[in-house]
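See below for the structure under consideration.
The values are calculated or read from the model by the stated rules, or taken from the named source; none is laboratory data. Keep in mind it's a predicted model, so treat the numbers as computed, not measured. Using ideal geometry, Cβ is built from the backbone for each residue, glycine included, and neighbour counts are taken over all protein chains shown. Remember, those area values only see protein heavy atoms, side chains included, never the ligands or the DNA or RNA. Shrake-Rupley method; radii C 1.70, N 1.55, O 1.52, S 1.80 Å.
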Amino acid sequence: MTTADAAHPRFAEALRELGLDELNAQVRRFPDATRTAAEAAAAVGCELGQICKSLIFAADGVPVLVLMDGASRVDLELVRRELGAGQVTRAKADVVRETTGYAIGGVPPFGHRTRTRVLADRALLDHELVWAAAGNPHAVFPIAPKDLVAHAGATLVDVREQTS
């Protein structure tokens, strides 16, 4: 498959609508899945922290997208406090697909079927460039973290699990 059609068609269209059509040419498709951050980092040849995970959670049943670097885990209690929610849980696969239009492992940071609240962990800004899913589990694209946060309409937060 050529680079031009490596991204999911809905995501490729979202890039065009956002004036980011040049990113379509930078999407890289791999024969092996890049479903996990570790698989994506190995395929791209970058540090695990340079992978941007797009994770859907349910805050009191309402979907919320959390953008997190690939080397870190989301602290659900910090997300709960940030949102003022009673409970935050990981969204089930059908909710992820229904909300975003994409399957787990291929969810991009923007270009979703429905508009959701977006939180981006501040640690993403520690990198000059991050790689995020391009709508399917075999494709990723590079983007500057500040551009990623802006185009995702994300609020910068500290929701990373702290390791002691």
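I need a count of the residues in region 100-148 that are out of contact with any helix residue (DSSP H, G or I) (no Cβ under 6 Å at 6 or more places or on another chain), assigned to a strand (DSSP E or B) and hydrophobic (A, V, I, L, M, F, W, C). Here the count works out to 5. Are any residues in region 59-74 over 24 Å from C46 (Cα atoms) and out of contact with any Leu (no Cβ under 6 Å at 6 or more places or on another chain), and if so, which ones? The answer is D60, G61, V62, P63, V64. Of all residue pairs spaced 6 or more apart or on separate chains, those with beta-carbon atoms under 7 Å, a first member in region 21-35 that is at pLDDT 90 or above and a second member that is open to solvent by 80 Å² or more (accessible area, probe 1.4 Å) and part of a loop (DSSP other than H, G, I, E, B) are R29/M1.
Number of residues in region 112-129 that are open to solvent by less than 20 Å² (accessible area, probe 1.4 Å) and either on the phi > 0 side of the Ramachandran plot or not β-branched (V, I, T) (or both): the value is 5.
Applying the set (1) farther than 22 Å from H151 by Cα; (2) in contact with a Phe, Trp or Tyr (Cβ under 7 Å, 6 or more places away or on another chain) to L78 leaves exactly one unmet item: (2). For region 107-123, the condition of being under 22 Å from L20 (Cβ atoms), touching an Asp or Glu at 6+ places or on another chain (Cβ under 7 Å) and hydrophobic (A, V, I, L, M, F, W, C) holds for at least one residue. Whether a residue is part of a helix (DSSP H, G or I), open to solvent by less than 30 Å² (accessible area, probe 1.4 Å) and in contact (Cβ under 8 Å) with a residue 24 or more places away in the chain was assessed, and A38 does not pass this test. For the residues A139, A132, the requirement of being at negative phi, in contact with a Lys or Arg (Cβ under 6 Å, 6 or more places away or on another chain), in contact (Cβ under 8 Å) with a residue 24 or more places away in the chain and of a type outside the set (D, E) singles out A139.
Within region 80-95, if we keep just the residues that are in a helix (DSSP H, G or I) and within 16 Å of L119 (Cβ to Cβ), the residue that is least open to solvent (accessible area, probe 1.4 Å) turns out to be L83.
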